[in-house]
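Presented below is the structure to which this report refers.
The values are calculated or read from the model by the stated rules, or taken from the named source; none is laboratory data. Keep in mind that what you see is a predicted model, and the values were worked out from it rather than measured. Note that we place each Cβ from the backbone using ideal geometry, even for glycine, and neighbour counts take in every protein chain shown.
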Amino acid sequence: MIKRETIQELKDNLDAVFHAYGNTEENLRKDKGDIPWGEIPDSDALKTYNHLEYRLANITRQAFVTMTLSWLEMAMDVIGEVYIPDYMTKVEYKDSEKKRKGSWFKKRCAVFRKYCNAFKGKTENEHYQFIENVRIVRNCVVHAGGRVEKADSPNQVDKAVKWIWEKAQEGNFKYAEILSGLIYLREDLLPEVVIVSMKIVEHIWQHAENESR
């Protein structure tokens, strides 16, 4: 059985990531608000705005999304190693020449689904799809600098971004889009990734607890 203190520590770590992100976004909003529109040539003001929003803010959002997904992977492993015997062997099939197919997230979810009866509800499936699509976007950022045409599967990235954009429209948010071939993340995305990641961790922990009784 995993200690509640451990789960709380995991949550505190994610809260720290979100707090740092909030501070960064607030500073960027202040810098954009300080642009002296009307006092300098419009071209200079626009250049400054584009630098802050489409370069600095985008890089920041990409970094924090990457950090959050890394947190989710780590948190899933912490829980899995406590409740599921030979957890990492089951994730990777390390005892055979064949490795489990799929992304790190798909492989871990498959193990929790099989051994803890998790990810079988409609809501959990939506969370699963959301994170998997964000993961595809994150991979393009990490391995191709956000350049869609340089990704291993540009069509997959394009579909993932469209799925995320359409999902955002359900709540009148804006999460991610492709501008001039580059992935651009909106400020609404990271909060949703944090919320969904936390819900996934709580979900698998509860199911692991129930199955261990």
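Looking across the stretch 186-213, the residues that are within 30 Å of residue 54 (Cβ to Cβ) and either of a type in the set (Asp, Glu) or without any contact (Cβ under 8 Å) to a residue 12 or more places away in the chain (or both) come down to 187, 188, 192, 195. Kindly indicate whether residue 129 is out of contact with any helix residue (DSSP H, G or I) (no Cβ under 7 Å at 6 or more places or on another chain) and without any contact (Cβ under 8 Å) to a residue 12 or more places away in the chain. For residue 129, the condition - out of contact with any helix residue (DSSP H, G or I) (no Cβ under 7 Å at 6 or more places or on another chain) and without any contact (Cβ under 8 Å) to a residue 12 or more places away in the chain - is not met.
Scanning the stretch 111-139 for residues that are among the polar types (S, T, N, Q) and part of a loop (DSSP other than H, G, I, E, B) turns up just one, 117. Within the stretch 1-54, being closer than 30 Å to residue 209 by Cβ, β-branched (Val, Ile, Thr) and touching a Ser or Thr at 6+ places or on another chain (Cβ under 9 Å) holds for one residue alone: 17. Scanning the stretch 174-213 for residues being in a helix (DSSP H, G or I) and either surrounded by 20 or more Cβ atoms within 10 Å (Cβ to Cβ) or of a type outside the set (Lys, Arg) (or both) gives a total of 23.
The set of residues from the stretch 6-51 being loosely packed, with under 14 Cβ neighbours inside 10 Å and either in a loop (DSSP other than H, G, I, E, B) or touching a strand residue (DSSP E or B) at 6+ places or on another chain (Cβ under 7 Å) (or both) comprises 34, 36, 38, 39, 41. Remark: pairs (first residue in the stretch 1-17, under 19 Å from residue 81 (Cα atoms); second residue surrounded by 14 or more Cβ atoms within 10 Å (Cβ to Cβ); Cβ separation under 6 Å; 6+ apart in sequence or on different chains) = 2/82; 10/75. Name the single residue that is surrounded by the most Cβ atoms within 10 Å (Cβ to Cβ) among those in the stretch 144-160 being in contact with a strand residue (DSSP E or B) (Cβ under 7 Å, 6 or more places away or on another chain) and not in a helix (DSSP H, G or I). Among them, the one singled out is 146.
Only one entry of 141, 111, 134, 148 meets the criterion of being under 17 Å from residue 199 (Cα atoms), in contact (Cβ under 8 Å) with a residue 24 or more places away in the chain and among the β-branched types (Val, Ile, Thr), and that entry is 134.
Residues of the stretch 109-123 that are within 21 Å of the chain's Cα centre (by Cα) and among the charged types (D, E, K, R): 113, 120, 122. Among the residues of the stretch 73-91, are any β-branched (Val, Ile, Thr), part of a helix (DSSP H, G or I), closer than 23 Å to residue 159 by Cα and touching a residue at least 60 places away in the same chain (Cβ under 8 Å)? Within the stretch 73-91 (the criterion being β-branched (Val, Ile, Thr), part of a helix (DSSP H, G or I), closer than 23 Å to residue 159 by Cα and touching a residue at least 60 places away in the same chain (Cβ under 8 Å)), the answer is no, since none of the residues qualifies.
Taken over the stretch 92-109, the residue count meeting the criterion of being modelled with pLDDT under 95 and assigned to a helix (DSSP H, G or I) is 1.
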